[in-house]
Amino acid sequence: MTRVAARARRGWLLTLALLAVTVVAPGPTAAAGEFQFKILRNSCTTSGADFGHGEVLLKVRVTENGLTGANKFTLAAVAQHYRAGTETWQTEYTWDTFKITFPNDANSYYHTRWFAYDPNDNKKHRIVVVIKVWHNKTVLASKTLTSKSC
């Protein structure tokens, strides 16, 4: 085999090896389908409900698509009040953190949760939910979902 042929063969083998690594190695595109975070319902009313000032509703879902290593979801939610004078959102109510565990296996798991808040004044309010997907004590994915404000 000539020197040129040997160099071409090594170049070809290197190309094949790099191609194999790209196919096998997980990347951002592959990871995108492992978890989904969705808002299923997002609504506001400005009258009625418990205090006559309306209600903010947010229904969310988190899904794990099997073989991800995940074994827990957590959902931490707060209701916030808009302070026009400072143009900031202030936490007015905090729900207990919801923790949902499941086996780390080939099955897919999901959790759906409703959050509803009835403000006791006619200022703007919203609900913010931070959803995390865990493997034991390691966060695999996280997403913050925010409701409409009214």
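Every read-out reported here was derived from the displayed coordinates using simple, explicitly stated rules and does not represent laboratory data. All of these numbers come straight from a predicted model, not from anything done at the bench. Cβ placement follows ideal geometry from the backbone for every residue including glycine, while neighbour counts extend to all protein chains displayed.
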Task: Length gained when the stretch residue 139-residue 123 is fully extended (0.36 nm per residue, less Cα-Cα span) - done: 2.3 nm
- [ ] Obtain the nm distance between the two label points defined at residue 149 and residue 76 by a simple spin-label model: each point lies 7 Å from its Cα along the Cα-to-C-beta direction.
- [x] 2.1
Task: Segment residue 84-residue 40, extension gain: residue separation times 0.36 nm, minus the distance between their alpha carbons - done: 13.0 nm
Task: Calculated FRET efficiency for the pair residue 91/residue 112, C-beta based, R₀ 22 Å, to 0.05 - done: 0.40
- [ ] Within the set of other residues whose C-beta is less than 13 Å from the C-beta of residue 63, count the net charge using Lys and Arg as +1 and Asp and Glu as -1.
- [x] +2
Open item on the list: Please report the net charge: other residues with Cβ closer than 10 Å to the Cβ of residue 43, K and R +1, D and E -1.
Closed with: +2
